[in-house]
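Any read-out appearing in this document is the output of simple, stated calculations on the displayed coordinates, not a laboratory observation. Since the structure is predicted, the reported quantities are computational estimates derived from the model, not experimental observations. Positions of Cβ are backbone-derived with ideal geometry, glycine not excepted, and every protein chain shown enters the neighbour counts.
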Amino acid sequence: MLATIDSPADLRELDQTELPALAQEIRDFLLQTLARTGGHLASGLGSVEITIALHYLFDTPHDRLVWDVGHQCYPHKILTGRRDRMSQIRQQGGLSGFPKITESEYDHFGAGHSSTSISAALGMAIAARAQGIDRKTVAIIGDGGMTAGMAYEALNHGGAIDPDLLVILNDNEMSISPNVGAMSKYLSSIWSGKIYSSLRSGSKRVLKRIPSAWELARRAEEHVKGMVTPGTLFEELGFSYFGPIDGHNLGDLLSLLRNLQKLSGPRMLHIVTRKGQGFPPAEEDACKFHGVGPFDPETGDVKSSAKPGKQSYTSIFSDWLVARGQQDTRLHAITPAMREGSGLVRFSDEMPDRYHDVGIAEQHSVTLAAGMAREGLKPVVAIYSTFLQRAYDQFVHDVAVQNLDVTFAVDRAGIVGADGATHTGNFDIAFCRCIPDVIMMAPANAEDMYALLNTAYEYPGPALVRYPRDNTAQAQATDIETTVEIGTAVQQRSGKRAALLVFGSLYALAEPIAEELDLSLVNMRFIKPLDEAMIERMAREHDRLVTLEDASIEGGAGSAVLEVLNRMDIRLPVLRLGLADCFPSQGSREQVLEEYGLDSGRMREAIAGFVGD
Ligand SMILES: Cc1ncc(C[n+]2csc(CCOP(=O)(O)OP(=O)(O)O)c2C)c(N)n1
């Protein structure tokens with residue numbers, strides 16, 4: 001059946017009785033495809049039925065579907081004419097792993113970061129009304145997405161202005177790891193409470209009897225509402241609440257959605273699904289299969305990507321955090337919903353009282369840390385560079401202005417690979433280095449990583465260590481002692497003509513180039529404060545300077561070097577290597593670095609040309 005569906009129009013040709021079989025085909029297809037490529041599996045397996053139901057009933061692309069985060073939209077891509085390109089998802093030149101407005105007319109709003117869907121859909125619903133267009137708008141958000149403040153800002157607004165907006169709350173009790181927080185408990189209590197069973201039997205009876213007339217639909221609404229008083233919280237916010245219903249039961253989904261289509265105003269449908277549905281290894285360990293590399297579709301065994309003698313920067317941070325936490329009980333670790341990705345699993349197991357998963361709440365995570373620091377704790381916020389963007393004002397206003405002692409472990413700084421532009425951490429240098437009293441560092445290797453984390457932790461104000469989604473040569477030992485003097489760089493090599501000033505992990509690529517071209521080589525370590533004496537000496541001893549960073553050139557560390565030279569009134573040619581003014585594309589980290597001229601071959605060529613070789 002799936003082979004005959006090239007658009008939702010084809011889907012609508014099917015009889016409703018054929019849809020469960022189609023759901024099975026989509027699952028099989030997803031499994032076989034992602035087993036080869038890897039990607040976001042578990043969430044997509046859980047959203048198959050709701051995707052079918054929405055495209056079956058709603059007039060897409062005229063009606064708008066807005067997927068939150070977007071990692072669960074693979075079934076949507078399969079049903080909207082992209083089935084043949086699924087084997088290239090998240091690869092260079094292939095389909096994005098998220099909805100993307102330039103990719104399809106069915107992708108009504110781009111995503112990647114979570115909890116934007118209700119706001120965007122509300123904006124669209126307001127636009128439809130303002131333009132006199134008869135159209136339905138649907139936001140689909142997970143229970144994880146519902147832990148972010150932005151989702152409530154949108155509910156608060158939408159519930160007061162009567163938009164024609166349907167919010168589907170896809171509740172699987174999982175964020176990437178098990179979901180946290182009071183809202184998560186509230187949703188579970190609705191589902192597990194007695195009300196559920198009475199609703200299920202009651203709603204089936206009701207739905208069978210619902211004729212299409214408006215008045216009866218309204219009466220049905222009242223009836224259903226009467227059965228689901230636990231949704232009061234959403235009702236109080238102005239949303240008519242429906243559910244919870246089993247989000248894998250296509251019959252129930254279609255019946256209820258048909259009636260919801262006839263209503264207007266802000267409505268919320270709460271569906272309960274299972275992450276990884278239909279693939280036992282993913283049902284049992286949804287976290288492992290949230291975003292997964294290639295795996296065996298029979299057993300679920302994931303192919304190892306470990307490289308001998310190498311270690312990820314994340315795992316070094318993980319080792320450091322555990323060791324430092326054992327030594328200092330003031331250390332509290334905070335993550336906005338990224339326990340696994342940020343390397344906090346061991347810390348959470350070993351020091352659960354000092355571990356805080358705050359949900360997808362980056363803003364809160366940073367101000368929470370500020371509050372802790374104000375009272376003498378030593379918080380470490382583990383956060384991806386791209387998600388730190390969410391907490392910029394909290395970083396400036398709550399931490400930096402008050403010069404509070406918060407350590408930021410900024411992971412995924414620079415090129416991230418398959419997630420592409422929405423997740424690339426290319427802006428953190430530019431947006432952090434303009435803030436007074438902050439120190440910002442970038443390690444060139446494992447030993448640096450330990451030393452700079454120790455330095456950040458000892459520093460009594462805001463300190464950031466940025467490191468990439470990459471491996472480095474294995475560290476000799478876990479070092480929680482060594483610190484370095486603030487604002488000092490290390491000259492590693494003396495050469496002729498030009499000096500290569502390297503900020504961070506691209507150092508490993510720069511070293512052989514410096515050897516080959518006989519250039520001076522400096523591991524800058526600090527982005528802020530810069531080692532101005534070193535920059536001045538390098539500028540006076542050489543004809544040219546080259547700066548290198550895994551970050552946006554605009555506003556980046558190389559630009560900071562130019563500012564220093566300008567202040568010193570030193571004039572010499574400077575080549576700044578980094579990410580040009582762009583939203584970097586997706587691919588493997590190596591492919592993307594190559595695309596932007598940051599692989600060793602192209603870098604060597606650019607530097608050789610610049611120094612006149
Ligand atoms: C602002 C932001 N922070 C963190 C993430 C990382 N992230 C991606 S998916 C996800 C969990 C989403 O859970 P949920 O919305 O319930 O969807 P599910 O995968 O359970 O279907 C998280 C934390 C993100 N995408 N955006």
Next on the checklist: With angles folded into 0 to 90 degrees, how steeply does helix 194-209 sit against the dominant principal axis of the chain? Use alpha carbons for both and round to 10.
Outcome noted: 50 degrees
Checklist entry - LYS528: which aspartates and glutamates have alpha carbons under 15 Å from its alpha carbon, excluding same-chain residues fewer than 8 sequence positions away? => result ASP428, ASP437, GLU485, GLU549, GLU563
Checklist entry - Hey, what do the phi angles of segment 449-458 turn into as Karplus ³J(HN,Hα) couplings, whole Hz, using 6.51/-1.76/1.60 and θ = phi - 60°, x for Gly and Pro? => result 4, 4, 5, 6, 5, 4, 5, 4, 5, 6
Next on the checklist: Using a Förster radius of 22 Å, what is the FRET efficiency between ALA160 and ALA127 based on their Cβ-Cβ separation? Nearest 0.05, please.
Outcome noted: 0.80
Item to check | Most to least packed among 89-96, 427-434 [average Cβ atoms within 10 Å] | outcome: 427-434, 89-96
Checklist entry - Which percent, to the nearest 5, of DSSP beta bridges fully inside the chain are antiparallel? => result 20 percent
Item to check | Total formal charge among the other residues, if their Cβ is under 12 angstrom from that of SER318, Lys/Arg +1 and Asp/Glu -1 | outcome: -2
Item to check | Cα-centred dipole magnitude for segment 285-343, charges only on beta-carbon of K, R (+1) and D, E (-1), debye, nearest 20 | outcome: 320 debye
Checklist outcome for this item: Under the Karplus relation with 6.51, -1.76 and 1.60 and θ = phi - 60°, whole-Hz ³J(HN,Hα) for segment 400-406, x at Gly and Pro, equal 5, 4, 8, 6, 8, 7, 10
Item to check | DSSP-defined antiparallel bridges as percent of all bridges, segment 228-368, nearest 5 | outcome: 10 percent
Checklist entry - When the Karplus curve 6.51 cos²θ - 1.76 cosθ + 1.60 is applied with θ = phi - 60°, which whole-Hz ³J(HN,Hα) does each residue of segment 585-598 get, with x for Gly and Pro? => result 7, 9, x, 6, 4, 5, 5, 5, 4, 5, 4, 9, x, 10
Checklist entry - When only C-alpha pairs under 8 Å and at least 6 residues apart count, what is the relative contact order of the chain, in percent? => result 11 percent
Checklist outcome for this item: From the cross-link list LYS307/LYS378; LYS275/LYS307; LYS307/LYS496; LYS310/LYS378; LYS185/LYS303, the entries with a Cα-Cα span beyond 32 Å are LYS307/LYS378; LYS307/LYS496; LYS185/LYS303
Item to check | Per-residue [θ]222 nm for the chain (sum of -39500 (n - 2.57) over DSSP H runs n ≥ 4, rounded to 500) | outcome: -11500 deg cm²/dmol
Item to check | Inter-part distance where segment 449-507 and segment 135-162 are each reduced to a Cα centre, Å | outcome: 42 Å
Item to check | Assigned charges on the beta-carbon of Lys, Arg, Asp, Glu; the chain dipole about Cα centre (debye) | outcome: 1200 debye
